[in-house]
Amino acid sequence: MEGVEVNKLIKTGLFYLLVGFILVTALFPFYYAIITSFKGGTAIFEVTYLPNDISLANYIGVLTHGSFPQNFLNSIFVSSVVVIISLFLAVTASFALARIRFRGRGLLLITILSVSMFPQVAVLAGLFEMIRAFGLYNTLWSLIISYMIFTLPFTVWVLTTFMRDLPVEIEEAAIVDGASSWVIVSKVFLPLMWPALVTTGLLAFIAAWNEFLFALTFVSNNDTRTVPVAIALISGASSQEIPWGPIMAASVVVTVPLVILVLIFQRRIISGLTAGGVKG
Amino acid sequence: MTSLKLENVCKSFGAVDVLRNVNLDIKSGEFVVFVGPSGCGKSTLLRIISGLEDITSGTLSFEDEVVNKLTPSQRGIAMVFQSYALYPHMTVYDNMAFGMKLQGGQGKAEIDKRVREAAAILQVDQYLDRLPKQLSGGQRQRVAIGRAIVRDPSVFLFDEPLSNLDAALRVQTRIEIARLHETMADTTMIYVTHDQVEAMTLADRIVVLRDGVVEQVGSPMELYHRPTNLFVAQFIGSPAMNILDGVASSNGASVMIPRPSSDPLALDLKDSSGRLDKVQLGVRPEDLVVADGQTSLFEGTISYLEQLGEVQHAYVDLAAHSKPLIAKLPSDAQLSRGETIHLTAATDNLKLFDADGKAVAFAA
């Protein structure tokens with residue numbers, strides 16, 4: 001009997017040890033960024049693991065000097081517009097791809113997916129020429145258009161899969177009720193697709209929010225940049241000095257909108273996981 | 001107030017022919033039930049009438065107007081689905097009002113009046129503010145029927161509406177549908193089921209389908225008493241009609257049925273055009289009665305007894321036939337397994353089928 005008890009105790013202990021290890025590995029970089037952002041002056045170069053004197057100097061510096069606030073608004077604008085356009089196009093496309101039988105549907109789906117297989121670098125040069133030709137260079141619209149390259153394939157795919165799982169009878173009931181395709185999508189399917197829309201929208205937002213390469217290439221003005229590039233380009237008093245404090249403060253500020261979004265839509269995401277429970 | 005006419009309606013999905021040359025006239029205000037085993041094409045036929053499925057060839061007319069190309073709402077049909085198909089995010093009220101709102105033309109007050117009327121008929125008026133997920137299966141199906149009533153359809157279609165309900169609720173809802181047909185006497189109703197009890201109890205006329213072909217159309221009693229072929233004979237009635245082949249023999253003008261202890265029973269054929277090289281004899285389990293050894297048609301030993309309370313089913317092994325004969329006998333008849341039993345049936349209740357399974361008419 002006692003042997004069994006000890007055995008169980010050891011197992012539980014090992015389990016929590018493993019959990020602790022995973023937690024520390026996963027969270028340490030974030031934790032270190034946050035405590036560093038509160039350090040001022042030369043304290044940055046001392047390695048400490050607990051916050052001692054907290055200083056807001058880095059935050060004040062980042063938010064009041066230079067173009068960072070403008071960059072922040074740029075990012076919000078670009079990401080929001082990308083999400084809105086992506087979701088609109090994806091919902092309409094997925095209705096056709098999931099519900100209308102036509103020749104080449106499978107091929108089209110594979111093609112859409114294969115677009116996302118190319119590395120960004122591969123399309124960079126060609127895309128640059130296109131953006132120049134459209135006269136969008138150095139505008140936020142260049143980013144909005146180019147971000148669709150990676151947001152659309154997965155929004156279309158996820159929504160197509162989700163839409164395919166919605167009961168056909170509901171659509172047929174709507175047809176019998178006299179609903180047009182647009183009414184079916186907007187009045188019947190869209191309300192049922194909230195969980196999928198929120199989840200894919202959030203992922204698209206995060207992808208657009210964090211994008212670096214296109215943002216670096218297609219925009220050259222400090223005022224038109226988005227935050228990932230702006231943070232990378234924060235420079236110190238001399239080229240020898242890397243201003244870790246402001247960089248960390250900016251990074252923390254940048255994650256705030258994402259955290260807020262996730263908190264707002266948290267319930268929707270959870271209900272998205274149980275969407276199968278909806279029965280006609 | 002709409003009559004339907006189907007002329008040579010065919011439907012193929014790719015190379016598969018689901019319906020072959022269906023011809024059917026449905027009178028205005030009639031309650032017609034499509035019945036048949038799964039895969040017989042009954043649901044496809046209903047969906048073709050609804051407009052959810054295209055017609056491959058042939059014409060479908062409502063009141064002499066060809067509607068092949070019209071959408072479901074242009075045809076003025078309403079449909080009740082097996083899985084209810086309510087809009088999950090809308091309240092009962094909104095579910096029922098959705099179709100009328102889309103149609104436009106009617107004021108809010110008119111829509112409200114119609115929704116409340118329909119809800120009252122189906123006793124769902126106290127649930128108008130609820131969502132479908134807050135209702136039981138039976139209530140959901142009533143809301144679905146209510147949604148169809150609100151649209152005041154010319155043709156009312158039911159696609160196995162009771163299949164998802166439990167047995168008690170099924171009987172109750174069946175009666176409600178029958179009552180609905182009485183209150184909406186002008187509305188043509190078409191109902192698909194695989195359940196012959198629903199078909200028998202609800203229908204003015206039954207259409208029996210098999211493999212995309214209409215086997216017989218007739219009133220429930222016509223189908224029961226005068227099946228035109230073996231398939232219909234066996235499909236209607238439970239337990240199914242006993243079919244004995246290799247028992248009766250024919251000389252072209254009459255059919256001889258051997259009897260265990262007397263001369264064969266001779267039945268004169270009214271029509272000898274069928275393939276009479278092989279005659280099959282049919283008799284319903286409920287038409288068989290216990291007889292004495294002298295005049296009986298069948299003699300055998302009871303291999304199995306099923307006591308159901310109101311009746312008992314006796315499985316009787318015959319010497320001349322491999323399949324047991326099933327007889328529905330009074331439950332108080334003193335029978336035991338292994339016992340020899342003599343059975344007979346009135347000549348009127350015997351059915352004859354030729355080698356192709358077509359019914360053969362005869363006079364005793």
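Annotations
- Meets criteria (under 15 Å from A:MET148 (Cβ atoms) and at pLDDT 90 or above) for A:SER75: no
- Residue count, the range B:39-78 (criterion: assigned to a loop (DSSP other than H, G, I, E, B) and over 13 Å from B:ASN8 (Cβ atoms)): 14
- Filter pass, A:VAL176 being within 14 Å of chain B (Cβ to nearest Cβ), on the phi < 0 side of the Ramachandran plot, surrounded by 21 or more Cβ atoms within 10 Å (Cβ to Cβ) and not charged (D, E, K, R): yes
- Only a single criterion out of (1) part of a helix (DSSP H, G or I); (2) under 26 Å from B:ARG47 (Cβ atoms) is not satisfied by B:VAL115, namely (2).
- Residue count for the range B:305-326, restricted to those that are of a type in the set (A, V, I, L, M) and without any contact (Cβ under 8 Å) to a residue 60 or more places away in the chain: 6
- Among residues of the range B:109-120 being surrounded by 18 or more Cβ atoms within 10 Å (Cβ to Cβ) and aliphatic (A, V, I, L, M), the one that is farthest from the other protein chains (Cβ to nearest Cβ) is B:ALA119.
- Test: A:TYR147 is surrounded by fewer than 21 Cβ atoms within 10 Å (Cβ to Cβ), away from chain B (no Cβ under 14 Å), at pLDDT 90 or above and touching a helix residue (DSSP H, G or I) at 6+ places or on another chain (Cβ under 7 Å): no
- Pairs, first loosely packed, with under 15 Cβ neighbours inside 10 Å in the range B:347-364, second of a type in the set (Val, Ile, Thr) and part of a helix (DSSP H, G or I), C-beta under 9 Å, six or more apart: B:ALA364/B:THR347
- Considering residues of the range B:45-68 that are of a type in the set (Ser, Thr, Tyr) and without any contact (Cβ under 8 Å) to a residue 60 or more places away in the chain only, the residue surrounded by the most Cβ atoms within 10 Å (Cβ to Cβ): B:SER61
- Filter result for B:THR71 (over 30 Å from B:PHE231 (Cα atoms), surrounded by fewer than 22 Cβ atoms within 10 Å (Cβ to Cβ) and either more than 17 Å from the chain's Cα centre (by Cα) or not small (Gly, Ala, Ser) (or both)): yes
- Some residue of the range B:304-317 being modelled with pLDDT under 85, part of a loop (DSSP other than H, G, I, E, B) and on the phi < 0 side of the Ramachandran plot: no
- Any hit, the range B:134-152, residues being modelled with pLDDT under 90, facing chain A (nearest Cβ under 8 Å) and in contact with a strand residue (DSSP E or B) (Cβ under 6 Å, 6 or more places away or on another chain): yes
- Selection count, the range B:215-265, where residues are in contact (Cβ under 8 Å) with a residue 60 or more places away in the chain, part of a strand (DSSP E or B), among the hydrophobic types (A, V, I, L, M, F, W, C) and closer than 15 Å to B:LEU350 by Cα: 5
- Residue among A:PHE189, A:PHE205, A:PHE214 that is crowded, with 18+ Cβ neighbours inside 10 Å, of a type in the set (Phe, Trp, Tyr) and over 21 Å from A:ALA90 (Cα atoms): A:PHE214
- Entry remark, the range B:49-83: residues being within 13 Å of chain A (Cβ to nearest Cβ) and either charged (D, E, K, R) or over 12 Å from A:VAL176 (Cα atoms) (or both) number 5 in total.
- A:VAL183 surrounded by fewer than 20 Cβ atoms within 10 Å (Cβ to Cβ) and under 28 Å from B:VAL150 (Cα atoms): yes
- Filtered residue count, the range B:84-108, keeping only those that are free of Cβ contacts under 8 Å to residues at least 12 places away in the same chain, more than 10 Å from every other protein chain (Cβ to nearest Cβ) and not in a helix (DSSP H, G or I): 3
The values are calculated or read from the model by the stated rules, or taken from the named source; none is laboratory data. All values derive from a computational prediction rather than experimental measurement. Glycine gets a Cβ as well: all are built from the backbone with ideal geometry, and neighbour counts include every protein chain shown.
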